[in-house]
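Here is the structure we will look at, set down as structure tokens.
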Amino acid sequence: MNKVVANADEAIRDMQDGAVIMSGGFGLCGNPENLIKAIHRKGVKNLTIISNNCGTTDKGLGVLLQSRQVRKMIASAWAVSSPPPVPARRSRKARRAA
């Protein structure tokens with residue numbers, strides 16, 4: 001069985017609404033950009049995507065999130081920039097009162 005296809009659109013020809021997709025890449029490196037663009041063009045929706053992260057609004061899987069084609073996103077890394085701020089430490093007096 002020959003599994004070689006001519007382009008990304010042909011590769012996702014049988015994809016339907018509600019599909020589950022596992023995508024490679026880390027950050028914006030190594031993402032299947034041509035396949036993501038093809039999925040966006042095809043307009044399939046209610047997708048569940050499993051990946052390291054969800055890209056940005058105009059690159060990577062974020063394109064599908066922005067167009068509301070994703071029902072559920074399962075990712076291991078959500079931080080794009082710095083970590084959340086550390087909560088302020090309460091004063092000694094406030095700790096004793098608690």
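Just for the range 1-19: of the residues that are among the hydrophobic types (A, V, I, L, M, F, W, C) and surrounded by fewer than 11 Cβ atoms within 10 Å (Cβ to Cβ), which one is farthest from Gln66 (Cα to Cα)? Explain how you work it out, then say what you get.
We begin by selecting, within the range 1-19, every residue among the hydrophobic types (A, V, I, L, M, F, W, C); these are 1, 4-6, 8, 11-12, 15, 19.
Now narrow it down to the ones that are surrounded by fewer than 11 Cβ atoms within 10 Å (Cβ to Cβ): 1, 4, 6.
Details: Met1: 36, Val4: 30, Ala6: 28 Å.
The extreme case among them is Met1.
Filtering the range 21-38 down to residues that are closer than 14 Å to Ala11 by Cβ and surrounded by 14 or more Cβ atoms within 10 Å (Cβ to Cβ), which residue is farthest from the chain's Cα centre (by Cα)? Quick ask: steps written out before the conclusion?
To start, the set of residues in the range 21-38 that are closer than 14 Å to Ala11 by Cβ comprises 21, 23, 32-38.
The next check asks that each one be surrounded by 14 or more Cβ atoms within 10 Å (Cβ to Cβ); those that pass are 21, 23, 32-33, 35-38.
On the way: Ile21: 10, Ser23: 8, Pro32: 12, Glu33: 12, Leu35: 13, Ile36: 10, Lys37: 13, Ala38: 15 Å.
Looking at residues that are closer than 14 Å to Ala11 by Cβ and surrounded by 14 or more Cβ atoms within 10 Å (Cβ to Cβ), I get Ala38.
How many of the residues making up the range 59-98 are at pLDDT 85 or above, of a type in the set (Gly, Ala, Ser) and either over 17 Å from Arg41 (Cα atoms) or loosely packed, with under 10 Cβ neighbours inside 10 Å (or both)?
1
Condition check: over 17 Å from the mean Cα position of the chain (by Cα) and among the β-branched types (Val, Ile, Thr). Does Val4 satisfy that?
Numbers: over 17 Å from the mean Cα position of the chain (by Cα): yes; among the β-branched types (Val, Ile, Thr): yes.
Taking the combined requirement at face value, the residue satisfies it.
Which residue is nearest to Glu10 (Cα to Cα), if the candidates are limited to the range 39-58 and must be crowded, with 19+ Cβ neighbours inside 10 Å and modelled with pLDDT of 90 or more?
Ranking the qualifying residues of the range 39-58, first place goes to Ile39.
The values are calculated or read from the model by the stated rules, or taken from the named source; none is laboratory data. Owing to the predicted nature of the structure, the values given are computational and were not obtained by experimental measurement. Backbone-built Cβ (ideal geometry, glycine too); neighbour counts: all protein chains shown.
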